[in-house]
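Here's the structure we're looking at; comments come further down.
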Amino acid sequence: MEKERGRTIKYVLGRFAEMLLILLLLSIIVFVLSRLCPGDPLRAWYGDGVDRMSVAEKTAARESLGLDKPLPVQYGKWLGDLGRGKLGLSYKYKRPVAEVIGGVLGNTALFGVIAYVLTFVFAFRLGRASAEREGTRLDRFICRAGVVSGNIPVFFLSLICILVFAVYLHILPTGGAYSYNSEGDLLDRLRHLVLPVFVIVIGHLWYYSYMVRNLLLEEMRKDYVLLLKAEGMPRTGIIRKYCMKNIMPPMVTIMAIAVPHLLGGTYVVEMVFGYPGIGKLSFESALYKDYNMLMATTLLTGAVVVVCNYVAQIVGERLDPRMCHEEGSYE
């Protein structure tokens with residue numbers, strides 16, 4: 001018992017160290033690339049007033065923001081502040097980065113979680129229905145729809161939805177998170193989420209339905225399924241009672257890999273719909289060279305992706321011990 005507990009602690013600590021190393025490398029890459037890209041961060045702080053500043057004033061402004069130091073020194077200061085729990089000041093909003101992110105994090109979390117859950121709830125249902133009716137019109141439709149929908153850019157689909165449902169039909173809002181003076185109205189918030197969530201779900205649903213279908217059909221060709229068929233169990237019963245359970249380990253991995261895909265789509269949709277979230281904040285921070293904000297949103301996104309992948313691996317190993325590594329496994 002003690003030996004197993006020791007292996008578990010060692011495994012968790014090893015994974016945590018890997019995660020920190022990945023985020024450290026990510027922070028270095030983003031830090032360097034953001035400062036090598038063209039643009040002036042002073043414009044985010046002073047706006048158009050930077051055009052009327054003298055060379056001496058610009059030099060003093062860079063000194064006050066710490067932008068005059070060499071890159072290694074700037075990174076060391078930023079890393080030291082991060083270790084003390086400080087994310088710095090946003091150049092654009094003139095407020096602490098943590099405060100700005102905290103104001104929109106809930107919007108992205110609500111949007112992303114609803115879109116993610118609906119995508120896989122419907123994907124499992126459609127994929128199972130397709131596998132149960134292999135070779136029928138429904139099966140062929142799901143396969144073809146997955147190919148078509150997977151190649152439609154989410155920004156294009158977003159614009160089409162705005163044009164149809166908001167401009168022509170006037171039944172849904174064009175964007176934003178809520179109507180004027182309706183911040184606390186849950187129904188109004190959900191109404192503003194209808195189109196963004198619809199775009200994300202439609203853009204990914206058919207592809208993952210196709211993945212579920214293929215895994216089920218592969219499972220249906222195994223020996224135990226042939227034995228169950230010989231005993232007279234119907235195809236539908238075999239899929240629902242046995243195959244759905246057996247495809248869960250690989251599906252957990254697929255669902256983890258889907259996190260960055262859905263998250264990336266969410267960020268793009270936020271920009272198109274003007275939805276105040278982390279995606280919109282990330283785009284603005286890159287556009288205005290708001291370095292502190294860009295570092296924070298990038299690391300937050302990277303942490304979500306890395307944690308989801310590690311959690312999925314651990315859960316997958318618990319569901320199917322064959323996925324465990326020979327050394328350093330969770331078992």
Seminar exercise, completed: Packing-ranked peptide list from 127-140, 267-280, 107-120, highest mean Cβ count within 10 angstrom first, is 267-280, 107-120, 127-140
Problem set entry | Helical mean residue ellipticity (222 nm; -39500 (n - 2.57) per DSSP H run of 4+; nearest 500) of the chain | -24000 deg cm²/dmol
Exercise. When N is the residue count of the chain, what does its C-alpha Rg come to as a fraction of 2.2 N^0.38 Å?
Worked result: 1.23
Seminar exercise, completed: The answer for the net charge of residues other than K241 whose Cβ lies under 15 angstrom from its Cβ, with Lys and Arg +1 and Asp and Glu -1, is +3
Exercise. Packing-wise, with mean Cβ within 10 Å as the measure, how do 231-244, 253-266 rank, highest first?
Worked result: 253-266, 231-244
Problem set entry | Under the Karplus curve 6.51 cos²θ - 1.76 cosθ + 1.60, θ = phi - 60°, whole-Hz ³J(HN,Hα) for the range 207-216, x wherever Gly or Pro sits | 4, 6, 4, 5, 5, 4, 4, 5, 5, 5
Exercise. How large is the accessible surface per residue of the chain, computed with a 1.4 Å probe and reported in Å² as a whole number?
Worked result: 56
Seminar exercise, completed: Per the range 1-95, sqrt(5λ) over the Cα gyration tensor eigenvalues, sorted largest first, in Å, gives 41, 12, 11
Exercise. Which whole-number percentage describes the relative contact order of the range 176-253, with Cα contacts under 8 Å and a sequence gap of 6 or more?
Worked result: 22
For this session: Kindly provide the pair-distance distribution of the range 136-215 built from C-alpha pairs, with 10 Å bins from 0 and whole-percent values in order of increasing distance.
Result: 18, 37, 27, 15, 3, 0
For this session: Output the Cα-based Rg and Dmax of the range 20-177 in Å, rounding Rg to one decimal and Dmax to a whole number.
Result: 23.9, 74
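Under 8 Å for C-alpha pairs, at least 6 residues apart: give me the relative contact order for the chain, rounded to a whole percent. Intermediate results must be reported in sequence, preceding the final value.
Details: 345 pairs, mean separation 90.5, N = 331.
Taking the mean separation of contacting Cα pairs over the length of the chain, I get 27 percent.
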Problem set entry | Mean Cβ neighbour count within 10 Å, used as a protection proxy, ranking 222-228, 307-313 highest first | 307-313, 222-228
For this session: Would you mind getting the Kirkwood hydrodynamic radius of the range 49-108 from its Cα pairs, rounded to one decimal in Å?
Result: 13.5
Problem set entry | Under-5 Å amide H pairs with L89, H placed in peptide plane, nonlocal only | V97
Exercise. On the accessible surface of the range 1-95, probed at 1.4 Å, how many percent belong to carbon and sulfur atoms?
Worked result: 66
Exercise. Taking the alpha carbon gyration tensor of the range 130-284, what are the square roots of 5 times its eigenvalues, largest first, to the nearest whole Å?
Worked result: 39, 16, 15
Problem set entry | Accessible surface of the range 97-324 [probe 1.4 Å, protein heavy atoms]: carbon and sulfur percent | 67
Exercise. Among K58/K289; K69/K289; K94/K280; K58/K86, which pairs are too far apart, with a Cα-Cα distance over 24 Å?
Worked result: K58/K86
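For a Förster distance of 25 Å, can you work out the FRET efficiency between the beta-carbons of E63 and A303, rounded to the nearest 0.05?
Taking R0 as 25 Å, the efficiency between E63 and A303 is 0.20.
The values are calculated or read from the model by the stated rules, or taken from the named source; none is laboratory data. From a predicted model like this one, the values you see are computed outputs, not experimental measurements. Quick reminder, even Gly has a Cβ in these numbers, built from the backbone with ideal geometry, and neighbours come from all protein chains shown. These accessible areas exclude ligands, DNA and RNA; they are computed on the full protein's heavy atoms, side chains included. Shrake-Rupley method; radii C 1.70, N 1.55, O 1.52, S 1.80 Å.
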